[in-house]
1. Being open to solvent by 80 Å² or more (accessible area, probe 1.4 Å), in contact (Cβ under 8 Å) with a residue 60 or more places away in the chain and either of a type in the set (A, V, I, L, M) or in a strand (DSSP E or B) (or both) is the filter here, so list the residues in region 1-20 that pass it.
2. Keeping to region 199-228, report how many residues are under 16 Å from the mean Cα position of the chain (by Cα), small (Gly, Ala, Ser) and part of a loop (DSSP other than H, G, I, E, B).
3. Return yes or no: is GLY156 outside any helix (DSSP H, G or I) and at pLDDT below 95?
4. When you go through (1) surrounded by fewer than 18 Cβ atoms within 10 Å (Cβ to Cβ); (2) within 24 Å of THR97 (Cα to Cα) one by one for ARG133, which number turns out not to apply?
5. Only one of these is small (Gly, Ala, Ser), at pLDDT below 95 and touching a helix residue (DSSP H, G or I) at 6+ places or on another chain (Cβ under 6 Å): ALA202, ALA227, ALA191. Name it.
6. With the condition kept exactly as written, say whether any residue in region 48-63 is in contact with a Pro (Cβ under 7 Å, 6 or more places away or on another chain), outside any helix (DSSP H, G or I) and not polar (S, T, N, Q).
7. Of all residues being surrounded by fewer than 13 Cβ atoms within 10 Å (Cβ to Cβ) and touching a helix residue (DSSP H, G or I) at 6+ places or on another chain (Cβ under 8 Å) in region 136-157, which is farthest from THR199 (Cα to Cα)? Just the residue, please.
8. Looking only at region 21-41, which residues are open to solvent by less than 40 Å² (accessible area, probe 1.4 Å) and within 19 Å of the chain's Cα centre (by Cα)?
Amino acid sequence: MAKGSNDVIVACDFASAEQTLHFLDRFENERRKPFVKIGMELFYAEGPGIVREIKARGHQIFLDLKLHDIPNTVQRAMAALSALDVDMCNVHAAGTTAMMRAAREGLTRPDGSRPLLIAVTQLTSTDQAAMERDLLIREPLERVVEHYALTAKDSGLDGVVCSPLEAHSVHEKCGAKFLTVTPGVRFAGEATGDQKRVTTPAQARRLGSDYIVVGRPITQAEDPVAAYERCVREFLEDI
């Protein structure tokens, strides 16, 4: 559960195991095996078997299911997920301290080991206007993210999912060892799609992101391996 090295996590948001494994085949002979994210689309389509297959290929896995339910349900779900040997998983911080603590308890194996557990603060597709209009949260977005991060830390979690734009303030409030896992990353000049709060890989690193999650700029690139290598270079070396 200790803080690991900074890394790029590739969001494998594909509809099937066939598409996912075809994409990962491109990295078969590469020295660096990408850390990959398996989200709801792929997990719900293929089930836990795809997690086991990708893990067997030597990839670290962030299982991004964003659990958000009553504490007992989340605890039981996390106990089931802990058997998959993933490296990171998450819940919604809005589920409350009681739920996050239950998630951590369920995720912890009999030997005391567990994957990294992080909490989603506010989705990077959410901006101030949407938060106020749809969620009736009137506080400034950055303050909301900081508060959710503090509740996650108090619940014993390892970090949060936030925008790179909030990574620095989260570290200020929660300490340098509290992880910031940040989607909303695009190469300079690329379209932002449905993301509202975005940066480049180099900007994310300078802002304090520990991990960046990058999907379409890599998975939909003409040369995904080259795009991944560019992202790693910009995030890890261009500081």
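The values are calculated or read from the model by the stated rules, or taken from the named source; none is laboratory data. Keep in mind the model is a prediction, meaning the values are calculated, not measured. Don't worry about glycine lacking a Cβ; one is built from the backbone with ideal geometry, like all the others, and counts go over all protein chains shown. Accessible surface is based on the protein model in full, side chains and every heavy atom, while ligands, DNA and RNA are left aside. Shrake-Rupley method; radii C 1.70, N 1.55, O 1.52, S 1.80 Å.
1. If the condition is that a residue be open to solvent by 80 Å² or more (accessible area, probe 1.4 Å), in contact (Cβ under 8 Å) with a residue 60 or more places away in the chain and either of a type in the set (A, V, I, L, M) or in a strand (DSSP E or B) (or both), then MET1 is the only one that fits.
2. Qualifying residue count for the region: 3.
3. So GLY156 fails the test.
4. Result: ARG133 fails condition (2) only.
5. Answer to the selection: ALA202.
6. Scanning region 48-63 turns up at least one residue that is in contact with a Pro (Cβ under 7 Å, 6 or more places away or on another chain), outside any helix (DSSP H, G or I) and not polar (S, T, N, Q).
7. If we take residues in region 136-157 being surrounded by fewer than 13 Cβ atoms within 10 Å (Cβ to Cβ) and touching a helix residue (DSSP H, G or I) at 6+ places or on another chain (Cβ under 8 Å), then ASP154 is farthest from THR199 (Cα to Cα).
8. Here is the first cut: in region 21-41, the ones open to solvent by less than 40 Å² (accessible area, probe 1.4 Å) are 21, 23-24, 27, 34-39.
Hits for region 21-41 are LEU24, PRO34, PHE35, VAL36, LYS37, ILE38, GLY39.
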